[in-house]
Amino acid sequence: MRPYRNCSGSSNIISYQIFEDAIHVVFKSGRYRNYLYTYRRPGRYAVEHMKNLAIQGISLNSYITSVVKNNYERKW
């Protein structure tokens, strides 16, 4: 896992892990804190965009809450 840089200072994301066809995101709060997003759900374009946002350390939380929403592969 890599720590999320959180350039805005207001993200609910703690860390992430990038895989070839997925990204695992860990949130600070919520009933479920671990979410897996894959090429299957929410799709290749969204996952690749999320990977880029994670690396940049900005807007990943906003993108998930406004675009991806509940379209994840798995949560735990």
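Each value in this text was obtained by applying a stated rule to the coordinates, not by laboratory testing. A quick note: this is a predicted structure, and the numbers were derived from the prediction, not measured. A quick note on method: Cβ atoms are made from the backbone with ideal geometry, for glycine too, and the neighbour counts reach across all protein chains shown.
Observations, loosely collected:
- Residue pairs whose Cβ atoms lie under 7 Å apart, sitting 6 or more positions apart in sequence or on different chains, and linking a residue in the range 52-76 that is in contact (Cβ under 8 Å) with a residue 60 or more places away in the chain to a partner that is basic (Lys, Arg) and part of a helix (DSSP H, G or I), do not occur here.
- Taken over the range 36-62, the criterion of being basic (Lys, Arg), closer than 21 Å to ASN12 by Cβ and not in a helix (DSSP H, G or I) is satisfied by ARG41 alone.
- Residue count for the range 22-33, restricted to those that are farther than 16 Å from SER11 by Cβ and either among the polar types (S, T, N, Q) or without any contact (Cβ under 8 Å) to a residue 12 or more places away in the chain (or both): 1
- Residues in the range 26-45 that are touching a strand residue (DSSP E or B) at 6+ places or on another chain (Cβ under 7 Å) and within 13 Å of VAL67 (Cβ to Cβ): TYR37 alone.
- Taking the criterion of being of a type outside the set (S, T, N, Q), in contact with a helix residue (DSSP H, G or I) (Cβ under 6 Å, 6 or more places away or on another chain) and under 13 Å from CYS7 (Cα atoms), the residues of the range 47-67 that qualify are LEU53, ALA54, LEU60.
- Among the residues of the range 56-76, those identified as surrounded by 13 or more Cβ atoms within 10 Å (Cβ to Cβ) and either basic (Lys, Arg) or in contact with a strand residue (DSSP E or B) (Cβ under 8 Å, 6 or more places away or on another chain) (or both) are LEU60, ASN61, ILE64, VAL68, TYR72, GLU73, ARG74, LYS75.
- Checklist (1) within 12 Å of the chain's Cα centre (by Cα); (2) outside any loop (DSSP other than H, G, I, E, B) applied to ASN71, failing item: (2)
- The range 27-43, residues that are at negative phi and surrounded by 11 or more Cβ atoms within 10 Å (Cβ to Cβ): PHE27, LYS28, ARG33, ASN34, TYR35, LEU36, TYR37, THR38, TYR39, ARG40, ARG41, PRO42
- When residues of the range 1-26 are limited to those that are touching a helix residue (DSSP H, G or I) at 6+ places or on another chain (Cβ under 7 Å) and over 14 Å from HIS49 (Cα atoms), the one surrounded by the fewest Cβ atoms within 10 Å (Cβ to Cβ): ASN12
- Among the residues of the range 41-58, those identified as among the small types (Gly, Ala, Ser) and either within 15 Å of GLU73 (Cβ to Cβ) or over 10 Å from the mean Cα position of the chain (by Cα) (or both) are GLY43, ALA46, GLY57.
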